[in-house]
Amino acid sequence: MAYERILLGMGNPLLDISAVVDEDFLKKYDIKPNNAILAEDKHLPMYDELAAKGNVEYIAGGATQNSIKVSQWMLQVPGATSYIGCIGKDKFGEEMKKDCRNAGVNVQYYEDEKAPTGTCAVCVVGGERSLVANLSAANCYKSEHLKRPENWALVEKAKYFYIAGFFLTVSPESIQLVAEHAAANNKVFMMNLSAPFICEFFKDVQEKALPYMDYVFGNETEARTFSRVHGWETENVEEIAIKISQLPKASGAHKRITVITQGADPVVVAQDGKVKLYPVILLPKEKLVDTNGAGDAFVGGFLSQLVQEKPMEDCVKAGCYAANVVIQRSGCTYPEKPDFH
């Protein structure tokens, strides 16, 4: 089978606890709309408060896991994708395993004996989402698990690797191992800027991984934060995308391509010093349910075509299609079969 285990993702598996809240709830827990942060002590009571809401939903999530699941769904080839991360030995962990295996993803979780499975509070206000991640077990991933023969075999089998920037806070060593393997074996290594706080507070580990990135994904807010942190003095997303694509590379096998989404505005793709803009599928406001997982779904759709070596236009179209499907549903979920041509 040509696509067996072709795509491997590594990241923080989190069970999304998703509920519609109001502005007061955001104020109470000092949360900015449409942002992603790590939980502090002041946020911890919020998880129980969300769980007590009548409209609460539990969905297996985490940025990389979302993208891999969407890719698997778009490909419709059993076992085309694999995923590695850390969960706890508990009910939420079991839910996660079941959900991913049902989705057709080959998951190899490291199971931590002490920490509970990580959760992510998804606070939805007016269709926009704000995320507060309580990593717990996801924070306990060790590169020893990756080095086990049965798991390293997944690395050797894969031709494409995708890791959200959030994993830089957990196991930069694991990222480096995979990045170096990809560069040495002419494979494609991809990461996401993921959140402004990653670009700001994890700049050093991000910079260490950057030379290995063949594709850099992100949204306009993350791109502007990246620019500011690097002292570029430009807010222009197209300029920033070009600059990122031209940063030094560890291997000359692939030129770096930067892909920046901008909500309802066109997708910016920078390569070879040039930018191309691709329109997105516009959605009437009344059809928007929630934006949680929109960026992850875009990447998942994009990767489903990339691993088939389709042209850039098809990759972006598939990304836009997947994001459009997901924002019309609660959480990063989708119908049984895709309707993408």
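The values are calculated or read from the model by the stated rules, or taken from the named source; none is laboratory data. Quantities reported herein were computed from a predicted structural model and do not represent experimental measurements. Heads up, the Cβs are rebuilt from the backbone with ideal geometry, glycines too, and the neighbour counts pull from every protein chain shown. Areas reflect the complete protein model, heavy atoms only, side chains present, ligands, DNA and RNA absent. Shrake-Rupley method; radii C 1.70, N 1.55, O 1.52, S 1.80 Å.
Among the GluC sites (Glu not before Pro) found in region 206-236, those both in a DSSP coil and sparsely packed, with 14 or fewer other Cβ atoms within 10 Å of their Cβ, are 233, 235. May I ask you to list the GluC sites (Glu not before Pro) in region 17-82 that are in a DSSP loop and have at most 15 other Cβ atoms within 10 Å of their Cβ? Qualifying residues, ordered by number: 40.
The residues of the chain expose, per residue, 43 Å² of accessible area to a 1.4 Å probe. Across region 242-282, the residues whose backbone nitrogen lies under 17 Å from the label position 7 Å along the beta-carbon direction of residue 34 are 260-268, 280-282.
Region 109-147 and region 75-93 have Cα centres separated by 13 Å.
Please report the net charge: other residues with Cβ closer than 12 Å to the Cβ of residue 290, K and R +1, D and E -1. Let's see the in-between values first.
On the way: positive: 129, 287, 329; negative: 16, 57, 128.
So the surrounding residues net to 0.
Binning all Cα-Cα separations of region 43-82 at 10 Å, short to long from zero, yields these whole-percent fractions: 25, 33, 23, 18, 0.
What the phi angles of region 118-125 give under the Karplus curve with 6.51, -1.76 and 1.60, with θ = phi - 60°, is a coupling list of x, 10, 10, 6, 10, 9, 9, 10 Hz, glycine and proline written as x.
Across region 187-340, the fraction of Cα-Cα pairs farther apart than 19 Å, rounded to a whole number, is 53%.
Working note: Cα gyration tensor of the chain, eigenvalues times five, square-rooted, sorted largest first, giving semi-axes of 27, 24, 21 Å. A crude spin-label estimate for the pair residue 142 and residue 247, with each label 7 Å from Cα along the Cβ direction, gives 3.1 nm.
Could you sort the peptides 10-18, 193-201, 157-165 by per-residue average Cβ neighbour count (10 Å cutoff), highest mean leading?
On the way: 10-18: 27.3, 193-201: 21.1, 157-165: 22.7.
Top to bottom by mean Cβ count within 10 Å: 10-18, 157-165, 193-201.
Computed with a 1.4 Å probe on the full set of protein chains, the accessible area for residue 327 sits at about 30 Å². Quick one: check the C-alpha center-to-center distance for region 273-302 versus region 161-206, whole angstrom. Cα centroid to Cα centroid, the span is 23 Å. Net charge in the neighbourhood of residue 331 (other residues with Cβ under 15 Å of its Cβ; Lys, Arg +1, Asp, Glu -1) is -3.
Can you give the extra length, in nm with one decimal, that the chain gains between residue 42 and residue 204 once fully stretched, where that is 0.36 nm per residue apart less the Cα-Cα distance?
Details: separation 162, 0.36 × 162 = 58.32 nm, distance 2.73 nm.
In short, 55.6 nm is gained.
Please give the net charge around residue 116, taking every other residue with its beta carbon less than 14 angstrom from that of residue 116, where Lys and Arg add +1 and Asp and Glu add -1. Local charge sum for residue 116: -4. Rolling a 1.4 Å probe over the protein heavy atoms of the chain, with every protein chain left in place, gives an accessible area that is 50 percent carbon and sulfur. The label point for residue 4 and the one for residue 180, both projected 7 Å from the Cα toward the Cβ, are 3.0 nm apart.
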